[in-house]
Each structure stands twice: as C-alpha cells, then as structure tokens.
Ligand code: SF4
Ligand code: SF4
C-alpha cells in the first residue's frame, strides 16, 4: 500500500538530508515509495519546500531539490 | 559607478539598425548598473567567454520557477551586476497589452530592477532583465497585487503556454488559440509555478499550419489548427488572381505580384501535387491535401480553410541538446477543440503523456528524447492511439512483423506436440 503523505515527506526529507547526493531530481525521490504515483511524490517534495525544509535549486532550464543548507551556493 | 571603456560594444551602435547598446547607455543614465552590463559584455567579447554564472536557489516564496538566478563571475569589476537575476512574466495570450499596464510595469521595473526588458523570450514570456535578490519579494508583491500580473514558468516546470494571434486578428485560425492557451494556463497553474517533470515541458498553440509561434519546432506538445473537410474555393476569386485583379500573397512579394503564374506559384509548389486546373477552374483532391496552407497563403481571397475545423497534435519537438534538434511528430491528425467541454479532448492527451513521461522519462530528458528512446509504436500504445497512415514517415525497410502476445490467438502457449503432428514427416 502506498505511504501516507506524511510518511512520504519523512522519507523524502531523510534522503535529501542524509543521501550521498546533495541535490536531487524529483525522479530520485520516486524510490522513496514505488507504490506512490510520481505526481503524489512531486507534490510531497514541493510541500517540503513550502514548509522551508527543502529548497529548489534551478539552473534556469532544470530544477533540483536539496535539503535546506545543502544546495550549491546556498550562501548567496 | 563609472562608464567603462567599451570599444567593441560601441561598434554595435554603428549599423543602420536599432542598437541594444545605445538602449543600455540611455537606460544607464537612470540605472547605473547598465554601465556594468556593457562593461561585462565588453570583457566577454575580449575573453571570448561569458562572465555570467546562472543557476541557484533564488525565487519567491511558494514558487519554484519564474526567476532565474544570474551572477557575475567578476563581481569586483562590475559590482552593479554582481546579482542580476532574470524574471519571467507570463505574457498575455497573443501578447496583446494595455498601454497603461505596460507603463506601470516599466515604472515598477525601473524602481525594482535595471529597467531593461526583453520582449519576448523564446518561450514567449515578457522578460525583466536584472535585479538583486533583495528586490525579488517586493517586486513580486507589487506585480501580483498592483498589476495582477504573475510569473511564468522556468526550470522543470510547465513553461508558460504561448499562442499565435488566432481568431483575434487572423481569418485562418481554425480554433480559438487564445481561449485554449488561457484555459490551460489557468488549469495548470501548479505545474507552471512549481517543478513537476523530469525536465522542461512546452505547450504552444498555432491556429493553422503557418505556425506563427513555431510550435512544431519548439514545443514538446504543439496544437496546430487544421480542418478535415474540403478547402473552400471561390472560383470567381480564382479568376481574379488569374487576370491580375487580385495580387498573389496580398502583394507581399512585389516582384511577383504583377505576373501571377498559378502553375509556378501554386500548383507546382503544392507538396502533395493534389491541385490542377480544368480550364480556368481550380480543382483540389482534398483527400491528398496535407493542409500545409501554401495555396491559401498565395490566394487568400480565393481559398479558405474548410468549415469542419479543429487541430492536429504533434509531440516531441526540442532544441539541439542531446540528440540534435527535432521537429514534433504527428500524434493526432485531427481533434475538436471545444471550449464548451473545457477542452477535455486536449486535456486528456496532455495528462496521459505527462503521466507516462513523469514515470519513465529520465532526468533531463525531453519528451521527444523519451519518444526516440522507446520508439513511436510503443509511444502510440502508451497514448492508446491506433496507428494511422499519418504516423508513417517512410515506407518500411524492416520486413519483420512483431506481434504482441495479446494480438495472437491463444497467446504464446501452444500444444507443441499437436502442432508437430501436422508437420510430421
Ligand atoms: S498561425 Fe495561422 S492562424 Fe495563427 S496567426 Fe499565424 S497564420 Fe494566423
Ligand atoms: S493546402 Fe497545401 S497540400 Fe493542400 S492543396 Fe494547398 S498547397 Fe496542396
């Protein structure tokens, strides 16, 4: 059964905080719950940004996610 | 801030055309950071490399797009452009503006940014060039509260949808491009403002195959107006072209206008060769016509699109990164575009393709690259579309037919012994 939104958010944040890669594509979070639809995972990741726990890092053409404090050049 | 020595940039003021360098210098009187743009560009010309770094976490609260971080990599030399972020604004459908709104926008941008704009970026947005991180939230507040103007898309978002001038001014438009563009922009606000996909996704709408927004070359999904009945021919007007009373192409090419030759300019240029003359009557075999618009462009008074109008949907266009530039592939030759049903036919196709691409597209892979990777037959199956003659690019060179198990009676299970019996020697 798919995880609840809160469980999903917890797993996503854990991956963003502790995973080897500091910046992740939304697809990298799909593995957090193979049962959840990509759209649900995207919404959960975006909610974490709204809550200030993650940030978007964008090159202009693509967007990645990072736990707050782990994004490239975040001091800027 | 002082003016820099910029002999190379100054050269760009010498031609007969309007010069952005002159514009920058004029604007620099009010916004001194514009001197630093000119200075940094001069350095880039000398060094033959850009001195802009792009990318970062800048944005406005709640949004994951619309602002692109830009920084100078030589901020000590050019402190005015140390931060110089780009802001994308969602342009109105077909880019019709009210002058009072543009004046207010210019005033706001001179207060909060460099005063330089780019009308418009290649995605279609109105672009504000250059501001500092601390100005972003106040700018966004004033834009949304005073001007009711929103940001456009960037990054892995749905990019700001864009449409041609459509029925507002063009008699060739086969559907209301503005209504569809506006309707989908409102429906997909979340996808425009927050990243949703493996990479960027562009949707563009042209009312006919003249494709004035170049949807076919640029959009992951293009909706291009067409008709499925017959071209409407006014034979009396055809005669007016033949006898010189009407100018071909509305007289747009003066050298041709006075000596119209229907064979050279129309019949021989019809890509499917489906037009001919019987005396001075023009005939078209509409079953062979690809609705390319050529003959309608040359003889607009005599020929009009049919009355059963709708659109074709093409998917997978993109610029050269990875596999090279690619035009859209025909996916749906004709569908109705109906505002009464809130465009449900178009919405269904968009969402089916998103669902697949979000799951199976690789990171930084455009839809067109996914289509190329999996092949058109698989993509059509995913989209639940029966293969049609319009999907065929060229005659097949592979003699094998691959069946799927469900297409074969009895599947792959066979009673081999029974089968062999028939062939026993
Ligand atoms: S694409 Fe066709 S309908 Fe749209 S403005 Fe151009 S010519 Fe007119
Ligand atoms: S629209 Fe194009 S294909 Fe059709 S008849 Fe005219 S020139 Fe030929």
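Read-outs: derived from the displayed coordinates by stated rules, not from any lab. Since this is a predicted model, take the numbers as computed values, not measurements. Neighbour counts run over all protein chains shown; Cβ positions are idealised from the backbone, glycine included.
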- So how do B:109-115, B:134-140 stack up, highest first, on mean other-Cβ count within 10 Å? B:109-115, B:134-140
- Task: Quick one: check the C-alpha center-to-center distance for the stretch A:1-65 versus the stretch B:8-61, whole angstrom.
- Result: 38
- Message: Which of B:392, B:416, B:332, B:313 has the fewest other C-beta atoms within 10 Å, and how do the rest follow up to the most?
- Response: B:416, B:392, B:332, B:313
- Expressed as a whole number, the average count of other chain Cβ atoms within 10 Å around the Cβ atoms of B:193-200 is 6
- Within a 10 angstrom radius of each residue's Cβ in B:47-60, how many Cβ atoms of other chains show up on average? Whole number is fine. 4
- Query: Between the stretch B:348-425 and the stretch B:258-273, what's the alpha-carbon centroid distance in Å?
  - Reply: 41
- Over all pairs of distinct alpha carbons, what does the Kirkwood formula give as the hydrodynamic radius of the protein assembly as shown, in Å? 26.2
- What is the calculated FRET efficiency for residue B:261 to residue B:234, with r their C-beta to C-beta distance and R₀ = 22 Å, to the nearest 0.05? 0.65
- Note on the structure: The rounded separation in angstrom of the Cα centers of the stretch B:193-229 and the stretch B:91-113 is 25
- Folded to 0 to 90 degrees: helix B:344-360 orientation relative to chain B principal axis, Cα: 80
- Item | Normalised alpha carbon radius of gyration of chain A [divisor 2.2 N^0.38 Å] | 1.03
- Task: Fewest Cβ neighbours within 10 Å first, please rank B:401, A:49, A:5, B:307 accordingly.
- Result: B:401, B:307, A:5, A:49
- Note on the structure: Exposure proxy check on B:272, B:177: fewest-to-most Cβ neighbours within 10 Å is B:272, B:177
- Taking the mean number of other Cβ atoms within 10 Å as a proxy for protection, how do you rank B:351-358, A:30-37 from highest to lowest? B:351-358, A:30-37
- Scaled to the compact-protein estimate 2.2 N^0.38 Å, what is the alpha-carbon radius of gyration of the stretch B:144-294, rounded to two decimal places? 1.37
- Other protein chain Cβ atoms within 10 Å, averaged over every residue that makes up B:362-368: 2
- Any chance you could give the angle, 0 to 90 degrees and rounded to 10, that helix A:38-50 forms with the longest Cα principal axis of chain A? 50
- Query: Using a ≥ b ≥ c from the Cα gyration tensor of the stretch B:100-154 (square roots of the eigenvalues), is it rounded, prolate or oblate, where a/c under 1.5 gives rounded and otherwise the larger of a/b and b/c decides, a/b for prolate?
  - Reply: rounded
- Full-extension gain in nm, residue B:146 to residue B:190, via 0.36 nm per residue minus C-alpha separation: 13.7 nm
- Query: Separation between the residue B:407 and residue B:359 pseudo-spin-labels, each 7 Å from Cα along Cα→Cβ, expressed in nm?
  - Reply: 2.1
- Message: For residue B:44, project a label point 7 Å along Cα to C-beta. Then give me every residue of the stretch B:59-82 with its amide nitrogen under 17 Å of that point.
- Response: B:68-82
- Item | Distance (nanometres) between label positions extended 7 Å along Cα→Cβ at residue B:10 and residue B:327 | 4.7
- Message: What does the C-alpha gyration tensor say about the overall shape of the stretch B:283-394? Classify as rounded when a/c is under 1.5, otherwise prolate if a/b is larger than b/c, or oblate.
- Response: prolate
- Rank-order B:295-301, B:10-16, B:243-249 by packing density, defined as the average count of other C-beta atoms within 10 Å over each peptide's residues, highest first. B:295-301, B:243-249, B:10-16
- Compute the Cα gyration tensor for the stretch B:232-304, then decide on rounded, prolate or oblate, letting a ≥ b ≥ c be the square roots of its eigenvalues: rounded whenever a/c is under 1.5, prolate when a/b is larger than b/c in the other cases, and oblate in all that remain. prolate
- Query: Roughly how tilted is helix B:177-187, in degrees to the nearest 10 and between 0 and 90, from the longest Cα axis of chain B?
  - Reply: 70
- Query: Kirkwood-based Rg over Rh for chain B (C-alpha set), two decimals?
  - Reply: 1.07
